[in-house]
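The block underneath contains the structure these notes are about, expressed in structure tokens.
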Amino acid sequence: MLENLSNTLERIIKKEGDISSMLIYPLLLVVVYEVFMRYAFNSPTTWGFEATTFIYGLHYMFGLAYTDVYDGHVKVDIFTALAPEKIQTLLRILTNLVLFMPVTICMSIWSVKFAYTSVMGMEVNSTSWAPPIWPLKILMALCFVFLLIQGIANLLKDINALKN
Amino acid sequence: MSLEFMTVAMFATLIVAITLGHPLAYTLAAVAALFGLIDNGFSVPMLFEMFVNNSWGLMNNYTLVAIPLFILMAQLLDRSKVSDALFESLYVVLGSVKGGLGLAVVVVCTVFAATTGIIGASVVAMGLLATPALIGKGYQKELTSGIICASGTLGILIPPSIMMVVYGGLTGMKETSVGNLFAGAIFPGLVLASLYFLYIFIRCNINPTLGPPISKEEASTYTAAQKWAMTLKSLVPPLALILAVMGTILAGVATPTEAAGLGALGALILAAFNKKLSLEVLRESAYATLRTTSMVMMLFIGGKFFSTVFLSMGGGDVVADLLIGSGMNRWLILFLMMGIVFIMGMFIDWAAILLITVPVFMPIAMELDFNPLWFSLLMCVNLQTSFLTPPFGYALFYFKGVAPEGYTMMHIYKGIIPFVLLQVVSIALLCLFPGLVTWLPSIFFGA
Amino acid sequence: YAGKREKFGEDPRHKVAKRVKFKTSDEKIRWKMVMPWSKGLLFFDIAQHFADSVRLASAGRLDIKPFSAGELVPAMQSFDAVSSGAAQVGHDWPGYWKGKNEAFVAFASVPFGLDAEGYNIWLYEKGGIELMQEIYGKFNLFALPGGQCGQEMGLFSNKRATKMEDFKGMRLRTPGWFMDIMNNLGASVSPLPGGEVYLALERGVIDAAEFSSPAINYPMGFDEITKYVIQPGVHQPGIQCGLFFNKDAYDKLPDDLKWIIDICAKETQLWSYNWINSLNAKAIRLFKEKVEFVKMDEETRIEFRKTAKEYIDSVKAKYPDVKKVMDSQEAFINDYADWRDARGGVAPWPYETYVGGKTYE
Ligand code: NA
Ligand code: NA
């Protein structure tokens with residue numbers, strides 16, 4: 001049961017990451033287009049810089065949980081690797097509960113609040129182009145929730161491993 | 001609790017927490033949260049409002065846009081196998097010299113360091129490509145791993161480099177703009193590469209069993225003219241990329257962020273030329289790019305939380321008062337700061353170290369009247385060392401991941417020590433000849 | 001027979017000051033102050049000056065610690081941070097918060113709008129502060145003017161431009177309302193982030209850029225990489241800074257500290273103008289050794305003025321808050337015009353300059 005749930009959660013995160021990893025190509029396109037417009041037509045865009053940062057921001061935010069699925073976040077496990085498997089699992093559960101969960105839960109809550117304030121004010125960027133930025137803030141909150149989900153999936157997996 | 005105590009306690013807690021093997025970024029955030037709460041009278045809303053604002057700020061940092069683009073560039077280059085051709089031709093050109101294959105590795109890595117902004121890719125690529133050749137010719141295991149780890153790490157120092165991008169983004173100063181850092185890093189990078197080169201050459205000439213030359217027959221498969229033609233031909237693609245990235249920055253066609261985009265586009269075109277471009281390659285490159293980018297950015301988030309709380313507590317002032325207030329000689333203070341970064345580098349990742357130390361050390365260096373660009377480059381060379389220093393060195397782990405059977409971590413640790421000493425020598429050289437850093441930026445940017 | 005005339009005004013604060021009964025307390029309050037300024041900018045010193053004034057006047061009871069950009073929160077998150085209570089006070093150039101409410105620009109500087117004198121009179125005497133507090137109040141903030149830096153320099157440029165057609169096709173960097181105005185005039189404008197300006201200008205990515213007033217610009221070294229400065233700085237006749245406080249934190253303050261904040265904010269407004277402009281005089285002399293100063297001709301300025309008016313009218317039509325604030329400023333400008341004209345012609349030029357015919361402002 002636990003394993004099924006954990007696998008389902010990870011599948012969702014993988015799918016989300018696979019899709020959003022493609023954002024790198026629109027990012028590349030916008031950056032190159034901006035240079036090209038400036039030199040070929042002497043007409044830089046008013047939106048290039050902002051569009052670039054928006055795509056970049058979403059790209060890595062969506063990847064936070066995705067990277068965790070692949071165990072890609074760097075860690076100093078040279079010491080713990082010496083311990084027996086069971087101790088390692090226990091330690092993973094413990095660090096997850098003590099180090100990861102409290103911060104990620106709070107980040108999820110407060111980023112939702114942050115987005116809520118922005119949506120209420122229908123906030124736009126403080127620039128000439130002035131695109132709405134409340135959707136981006138919603139997505140940022142969503143990404144922290146994804147990270148939380150991935151943390152829960154890790155926890156379930158470790159608890160399951162401990163049981164067997 | 002006194003401020004001094006809190007400052008020490010925060011670092012001590014971090015070090016203990018890190019050894020638990022939990023991802024570094026999350027650990028940094030958790031330690032930051034704990035001390036943030038102690039500092040602000042346990043107001044959870046106040047702390048997390050600050051953290052959320054910081055996370056949002058990172059999403060709007062134009063300078064850092066270069067990071068995913070440089071990573072994409074490295075991914076595409078790796079898959080288009082452009083470094084293989086250069087190594088193969090240098091294999092016969094330099095192979096007949098004592099230690100020649102090692103020298104070939106240094107040259108290939110130096111050239112490719114100027115095209116790619118991240119390490120990892122180089123260590124893994126050269127590990128896979130060159131290790132079998134070196135071992136097959138009887139190179140000592142320790143020396144082999146040292147050569148590949150150290151040379152493969154040059155990419156983080158020789159521009160373009162995401163370390164410089166991060167550094168420039170942190171200081172926001174004209175003197176340490178990404179463009180200036182790039183220009184300033186060229187000579188230090190070349191000095192380091194030359195030191196590696198000389199070391200391998202001298203050591204293998206003293207004791208040829210460490211790195212014997214290839215056989216006469218193998219060396220004479222091609223004529224000298226053929227060898228040079230091959231080498232020059234295989235140099236064309238990397239040189240084109242160097243032109244696309246560093247060329248456009250120095251010639252004023254593009255900002256560093258845009259140059260990263262042009263570099264990635266160049267790598268894409270190169271892959272297409274080599275007939276390595278397919279939907280599959282594009283997909284895989286994108287997946288790998290996202291994983292590496294998010295790893296760096298998660299560290300950025302955690303490191304940012306940590307440095308924010310540290311500065312908010314007044315920890316920066318504590319360290320500054322301690323160092324400057326001590327009345328010590330400024331060079332001794334510099335030595336201490338470099339020592340701290342070096343020791344941190346043995347345990348923590350470079351991005352985390354930058355995020356923690358730059359906001360504290362940079363003002364101290366300025367107050368002591370050190371040239372900010374020169375100081376920044378000392379920091380960067382020092383941080384390049386962090387990839388190599390045991391026990392926690394990225395490059396060493398990457399290499400272990402691709403090393404052939406029979407390689408223990410001990411071989412790698414032993415092999416890297418001489419190269420770490422060379423790093424220290426290079427820092428000393430930069431102190432003796434600061435022009436190595438400041439001359440080129442003054443030519444290009446008048447800084 | 002002339003009617004009896006009253007004394008022509010009174011200080012409304014006097015009544016409050018006369019009746020006040022303070023309970024003094026020993027409570028020590030520590031606040032954090034955030035801002036979009038790095039330590040290298042003189043704006044940081046202005047924020048710090050306010051914090052120092054408050055500490056001095058309150059004998060350390062209210063201890064405000066300034067944090068430069070990025071130390072606590074990123075530069076552009078200062079507003080959100082104070083609004084939500086992550087820090088208690090912020091210093092700003094209100095135009096940065098354009099995306100929250102377009103009217104913030106009007107409290108910062110308006111192209112061809114209020115100068116230093118204008119902002120002082122409008123804010124303190126003509127209802128400006130009340131409007132400012134109304135707009136900031138929508139975000140759980142209490143606000144006060146917090147520094148006036150006078151006129152900005154014009155464009156540092158590698159292209160000489162004095163006539164309208166010179167600006168057509170020019171690639172330049174300027175943010176805010178002026179960016180749209182320049183675009184309407186046929187220039188091509190990038191809103192490059194501050195940190196990218198030097199490199200972009202130096203490498204020819206852009207032809208021209210404006211940043212701030214002379215003393216603030218001087219350390220940036222723009223004069224080393226450009227040939228001209230195109231004067232005057234029509235985009236910002238007066239740089240007005242603001243102080244903003246988290247409302248919950250401010251409301252909790254004892255009355256005496258509230259008065260200390262009020263008086264110190266005014267003192268900061270006064271000091272900053274004198275300080276920066278005395279530095280500007282020196283900076284401009286240094287600049288003159290490196291770059292040529294050119295002036296837009298009168299015809300061009302009038303053309304700029306017309307375009308600015310059209311643009312600002314269009315913004316007013318779109319945003320009711322902008323209309324309210326700009327109407328108030330424009331009413332003041334009209335109201336003040338008679339006096340401005342009547343007193344004209346006695347600008348304190350050096351004697352020789354004046355008798356040589358430079359009798360205008
Ligand atoms: Na590089
Ligand atoms: Na290390």
So if I place +1 on the C-beta of Lys and Arg and -1 on the C-beta of Asp and Glu, and nothing else carries charge, what would the dipole magnitude of chain A be about its Cα centre? I want it in debye, nearest 20. 200 debye
Under 10 Å, Cα contacts only: if you run a Gaussian network model on chain C, which one of C:VAL20, C:VAL82, C:VAL315 comes out with the highest mean-square fluctuation? C:VAL20
With a sphere of radius 15 Å drawn around the Cβ of B:ALA85, what net charge do the other residues whose Cβ falls strictly inside it have (Lys, Arg +1; Asp, Glu -1)? +3
How do the peptides C:271-280, B:48-57 rank, highest first, by the average count of neighbouring beta carbon atoms within 10 Å per residue? B:48-57, C:271-280
Cα-based Rg / Dmax (Å) for the range B:237-325: 20.3, 62
How much area per residue is accessible in the range A:2-163 when the probe is 1.4 Å and only protein heavy atoms are counted (Å²)? 43 Å²
Selection of chymotrypsin sites (Phe, Trp or Tyr not before Pro), the range C:306-361, meeting DSSP coil and at most 12 other Cβ within 10 Å: C:TYR360
Could you point to the residue in A:VAL74, A:MET22, A:GLY57 farthest towards the positive end of chain A's charge dipole, with +1 and -1 charges on the Cβ of Lys/Arg and Asp/Glu respectively? A:VAL74
Take the cross-link list B:LYS304/C:LYS290; A:LYS14/A:LYS86; B:LYS174/C:LYS290; C:LYS98/C:LYS227; A:LYS137/C:LYS316; B:LYS174/B:LYS233 and give me the ones stretching past 30 Å between alpha-carbons. B:LYS304/C:LYS290; C:LYS98/C:LYS227; B:LYS174/B:LYS233
Please compute the average number of Cβ atoms from other chains found within 10 Å of each residue's Cβ in peptide A:45-58. 5
Neighbours of B:ASP39 by Cβ distance under 13 Å: Lys/Arg at +1, Asp/Glu at -1, summed charge +3
Between beta-carbons, use under 9 Å as the cut-off and find the net charge around C:PRO237, counting Lys and Arg +1, Asp and Glu -1. -2
Report, as an integer, the average count of C-beta atoms from other chains found within 10 Å of each Cβ along B:260-272. 2
Counting only helical runs of four or more DSSP H residues, what would the 222 nm mean residue ellipticity of chain C come to if each run contributes -39,500 (n - 2.57) and the total is spread over all its residues? -14000 deg cm²/dmol
Simple spin-label estimate for A:ILE105 and C:LYS7 in nanometres, 7 Å along Cα-Cβ: 6.5 nm
So if R0 is 30 Å, what FRET efficiency would C:LYS227 and C:GLU117 give, r being the distance between their Cβ atoms, rounded to the nearest 0.05? 0.40
Considering chain B as a Gaussian network with a 10 Å cut-off on Cα pairs, which listed residue, B:MET328, B:MET230, B:MET73, attains the greatest mean-square fluctuation? B:MET328
Could you give me the percent of Cα pairs per 5 Å distance bin for the range A:2-163, shortest bin first, beginning at zero and ending with the bin that holds the maximum distance? 2, 8, 13, 16, 16, 13, 10, 8, 6, 4, 2, 1, 0, 0
Please sort by residue number the GluC sites (Glu not before Pro) in the range C:1-108 whose DSSP state is loop and whose Cβ has at most 11 other Cβ atoms within 10 Å. C:GLU6, C:GLU10, C:GLU27
Qualifying trypsin sites (Lys or Arg not before Pro) in the range C:268-359, DSSP loop, other Cβ atoms within 10 Å at most 10: C:ARG343
Under unit Cβ charges (Lys, Arg +1; Asp, Glu -1), what dipole magnitude, rounded to 20 debye, does the range B:1-142 have relative to its Cα centre? 560 debye
To the nearest whole number, what is the average tally of beta carbon atoms from other chains within 10 Å of the beta carbons of peptide B:247-254? 4
I'd like the carbon and sulfur percentage of the solvent accessible area for the range A:2-163, probe radius 1.4 Å, heavy atoms only, ligands and nucleic acids excluded. 72 percent
Looking at this model, which pairs from C:LYS21/C:LYS266; B:LYS227/B:LYS276; A:LYS75/C:LYS100 are more than 30 angstrom apart at the alpha-carbon? A:LYS75/C:LYS100
Rounded to the nearest 20 Debye, what is the dipole magnitude of the protein assembly as shown about its Cα centre when Lys and Arg each give +1 and Asp and Glu each give -1 at the C-beta? 840 debye
B:CYS431 accessible area, 1.4 Å probe, all protein chains in place, Å² to nearest 10: 40 Å²
Using +1 at the C-beta of Lys and Arg and -1 at the C-beta of Asp and Glu, which of B:LEU232, B:ILE242, B:GLY117 has the Cα lying farthest in the positive direction of the dipole of chain B? B:LEU232
For the range C:68-109, the per residue accessible area (1.4 Å probe, Å²) is 16 Å²
Listed highest first by mean packing, meaning other Cβ atoms within 10 Å per residue, what order do C:118-131, C:41-54 come in? C:41-54, C:118-131
The simple spin-label model distance between A:ARG11 and B:ARG330, using points 7 Å out along Cα→Cβ, in nm, is 6.4 nm
In Å² (nearest 100), what accessible area is buried between B and A, both sides summed, heavy protein atoms only, 1.4 Å probe? 5400 Å²
Could you calculate the FRET efficiency of C:VAL16 with C:ARG160 from 1/(1 + (r/R0)^6), where r is the beta carbon distance between them and R0 is 60 Å, rounded to 0.05? 0.60
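The values are calculated or read from the model by the stated rules, or taken from the named source; none is laboratory data. This is a predicted model, so every value here is computed, not measured. Every residue, glycine as well, gets a Cβ built from its backbone with ideal geometry; the counts of neighbours run over all protein chains shown. For accessibility, only protein heavy atoms count, side chains too; no ligands or nucleic acids. Shrake-Rupley method; radii C 1.70, N 1.55, O 1.52, S 1.80 Å.
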